Amino acid sequence: MEQWLPLFRHLLACPAANADAFSSSPASGDCPSSPSPAGTLLRILLSPVPTLHASASDPTATILFQTLPPFLQSQALSFLASSAGHLDPHLLRSLATRVLSAPPGRYGFWARRGAHHLLDGLPEEEGVPGAASEEFVDGFHEPPPWLKEAAARARPVLPWLPVDCRSVMRSGTCGHGAGDGSDGIGLETLVLAQDEDVEMQEAGYVPPPQAPLLGDSVVQRALAVQKEIVMVESSLVAQRVVKDLQDLCVESRNAAAVLSLVQPWEADDETLRVLLSNLVLQEDGMYGGGPSLVLCSVFLPQLLELQRPPSSVLLSTALDLCKRHPAAALEAVLFPLVLRKGGLNVPQCDVLTRIVKECMHPLHVSAFCHRLLSGEEQERKPLCMPQHHETVGTHLVWTESLFTLFYSILSQDICLTPSTIGELISVIDERASEFSRSLKFGNFLKCFVLKCWHQCKNQRVLLERAAERTNTFLTKAILVKLRSAG
């Protein structure tokens, strides 16, 4: 314990906090003038346990850091990461790699995450092996031990939730008449039958139920509603037509096919407003949910062809629905519109900006950006009606308006993932010449450098080279920021 005392005295006596205390000079007599307080802390954490006879250079030796409780290990690594600018990068790298290369089970998940975060913030060194990111990601998705034990002896509620169905039902949280506002669906309706399709259950995959084909009578009624919906003359008539459409969707048990026949997006703005306000659809196997189906069949088609701002009444009603169902808005509006083959225009960008600002939680927006830029092509499969498949693709078309949308996202201090930031850096490098005179691209680039500098400072040279290829009044300000921070 004696070796910790000089450092503790210095930190307690220093009026500065955290990293500033490390950078300040030690008080005379309290802390030796060499090494610095930062070096003292790291050397203590990396030193072998005194009771075990081992060499400090032995990579398998037990160090003092390992004797700390898991919570303190993660806190120490988080503190070191925030103070990395005042610390020896070689010692930091040594500690982080020791944690990440240790056998499974020696360090907890949060300690490993802290070590990975610490290592990511250090400058790259040639010839120094990094940590395997795949290994870290696998640890993130690994269920906790208690859940593994429950899965081994229980009949699961769902393939991804290995908790015993009977124990949950006994708790009364999911049964009938619980008084919690549920719709009366018992938990037993969610449990897979053990004698059906065992191989697919073991693989954790349950195929969605096939929607039934539309009968002739349903088709005739749908065509009749199609004629009525474009000839509505009042709100009362519109409400009656919407009621007929909803009944038809429920009776057919294939709402997507009915809406594809009726084509409600051909109606006028007032009828569309009534549709968005009154059409309530249940879960649909193909489209993931009733609100998603309503948005992609009523609101999305208007946006795909939008060339001027939409009516305020229609937009207000759509925003209300998006606020109540942000996940549906993300799948049925944001993704297909951003992936429009013709690219975003200004009115479309304005609508998406309002949805992002007014309807989305920051985590929704962060996940949206990650899937859009870093996800697999299958993750970007857009949700739309069959008539609009030719309008929507799976790849981004970079326009000034799309850069404006990302500028708006960055301005809200949305926390982007490292892979998303890496993809944006690549886009900046590729598109700088094409948008060299664009103020919208310049605004995006300036905001990106200001908001994401800590994560992208290792790519300063590439960003500086891209900024030099622009030619607006913002170019000088961007270059000054990049060169002064470097």
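Numerical summary
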{"quantity": "Candidate set: the stretch 112-133, residues that are of a type in the set (A, V, I, L, M, F, W, C) and at pLDDT below 85; chosen: the one surrounded by the most Cβ atoms within 10 Å (Cβ to Cβ)", "calculated": "Leu118"}
{"quantity": "Matching residues in the stretch 433-451 - criterion: being crowded, with 18+ Cβ neighbours inside 10 Å and either aromatic (Phe, Trp, Tyr) or not in a helix (DSSP H, G or I) (or both)", "calculated": "Phe435, Ser438, Phe441, Phe444, Phe448"}
{"quantity": "Checking Cys349 against (1) farther than 21 Å from Ser411 by Cβ; (2) modelled with pLDDT of 95 or more, the condition it does not meet", "calculated": "(1)"}
{"quantity": "Meets criteria (on the phi > 0 side of the Ramachandran plot and open to solvent by 10 Å² or more (accessible area, probe 1.4 Å)) for Gln246", "calculated": "no"}
{"quantity": "Answer from Gly285, Gly290, Gly343 - the residue that is open to solvent by less than 10 Å² (accessible area, probe 1.4 Å) and at pLDDT below 90", "calculated": "Gly290"}
{"quantity": "Matching entry among Leu334, Leu275, Leu330 (being closer than 29 Å to Val218 by Cα and either free of Cβ contacts under 8 Å to residues at least 60 places away in the same chain or assigned to a helix (DSSP H, G or I) (or both))", "calculated": "Leu275"}
{"quantity": "Restricting the stretch 33-60 to residues that are modelled with pLDDT of 65 or more and assigned to a loop (DSSP other than H, G, I, E, B), the residue that is nearest to Val99 (Cα to Cα)", "calculated": "Ser47"}
{"quantity": "Selected residue (criterion: most open to solvent (accessible area, probe 1.4 Å)) from residues of the stretch 361-374 that are of a type in the set (A, V, I, L, M) and at pLDDT below 90", "calculated": "Leu363"}
{"quantity": "Set Glu464, Glu430: member being open to solvent by 80 Å² or more (accessible area, probe 1.4 Å) and free of Cβ contacts under 8 Å to residues at least 24 places away in the same chain", "calculated": "Glu430"}
{"quantity": "Test for Ser260: is it under 21 Å from Pro310 (Cβ atoms), part of a helix (DSSP H, G or I) and among the polar types (S, T, N, Q)", "calculated": "no"}
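The values are calculated or read from the model by the stated rules, or taken from the named source; none is laboratory data. Computed from a prediction, not measured in an experiment: that's the story for all the values here. With ideal geometry, Cβ positions are generated from the backbone for all residues, glycine too; neighbour counts draw on all protein chains shown. Areas reflect the complete protein model, heavy atoms only, side chains present, ligands, DNA and RNA absent. Shrake-Rupley method; radii C 1.70, N 1.55, O 1.52, S 1.80 Å.
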